[in-house]
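Student: Sharing a structure with you now.
Any read-out appearing in this document is the output of simple, stated calculations on the displayed coordinates, not a laboratory observation. No experiment lies behind these values; they were computed from the predicted model shown. Using ideal geometry, Cβ is built from the backbone for each residue, glycine included, and neighbour counts are taken over all protein chains shown.
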Amino acid sequence: MGLLLSRIYSLTYCTFGFPVGLDGAGKTTILYKLKLGEVVTSIPTIGFNVETVEYKNLALTVWDVGGQGQLRGLWRHYYQNANAVIFVVDSSDTSRLVEARNEIYTALTSDELRNVPVLVWANKQDMPQAASADAVLRALRLPDAGRRDYHCEPCVAITHTGLIEGLEWLAQHIKL
């Protein structure tokens, strides 16, 4: 019992209402790679998946919300109590970076997300046509999105590359 209580009290709980990103970016793949350590077969998320991912002293309640155009209007319902935003970008599909920028700007102008840190996972870095994390960051223009901490981490969700580095950055920047 004492061990159980010490484990509970050693965690700092954090809720964040994301990852968000356009459809096909890899949000669900990242969530389940972090949660289960494996790639699961997924179909486009209609609605949401919710899981708790533990990393160091954080227990992150992650709301994986669908990224199709007709579902993006629902993202705002998950902003309340968010301590961070994770935005997943398919860096191999550079034709959609402007669309991605427009969506993240819409989210970040919300009062509920005014001061939260933003982690961008530039996913699919293993693809030959993938834009670098720096190019993704420039395309998203996050420095223009208000005063906040932000970071763009290159990653390959299916191999776990860059995922821990992104969580490490979040652990250092989430304000509870």
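Student: Evaluate the relative contact order of the range 111-161 (contact order divided by residue number), counting alpha-carbon pairs under 8 angstrom at least 6 apart; express in whole percent.
Tutor: On the way: 55 pairs, mean separation 26.8, N = 51.
With pairs under 8 Å counted, the relative contact order is 53 percent.
Student: Same structure, new question: If the viscosity is 1.002 mPa s and the temperature 20 °C, what Stokes-Einstein diffusion coefficient in µm²/s follows for the range 133-176 when Rh is the Kirkwood radius over Cα pairs? It would help to have the intermediate numbers written out before the result.
Tutor: Working: Rh = 11.7 Å.
Estimated diffusion coefficient is 184 µm²/s.
Student: A further question follows. Can you list the lysines whose alpha carbon sits under 18 Å from that of LYS33, skipping same-chain ones fewer than 8 residues off?
Tutor: LYS56, LYS124
Student: Considering just Cα atoms, how many Å³ per residue does the convex hull of the range 103-145 enclose?
Tutor: Details: hull volume 3.3 nm³, N = 43.
So the per-residue hull volume is 76 Å³.
Student: How high is the FRET efficiency between ASN102 and LYS56 when r is their beta carbon distance and R₀ equals 30 Å, given to the nearest 0.05?
Tutor: Working: r = 34 Å, r/R0 = 1.12.
The computed FRET efficiency comes out at 0.35.
Student: If r is the Cβ-Cβ distance from ASP111 to ARG141 and R0 is 22 Å, what FRET efficiency results, to the nearest 0.05? Don't skip to the end; give the middle numbers.
Tutor: Details: r = 20 Å, r/R0 = 0.93.
It comes out at approximately 0.60.
Student: Let me ask something else. How large is Rg over Rh for the range 70-176, taking Rg from the Cα atoms and Rh as the Kirkwood inverse mean of 1/r across Cα pairs?
Tutor: Working: Rg = 13.4 Å, Rh = 14.1 Å.
Answer for the range 70-176: 0.95.
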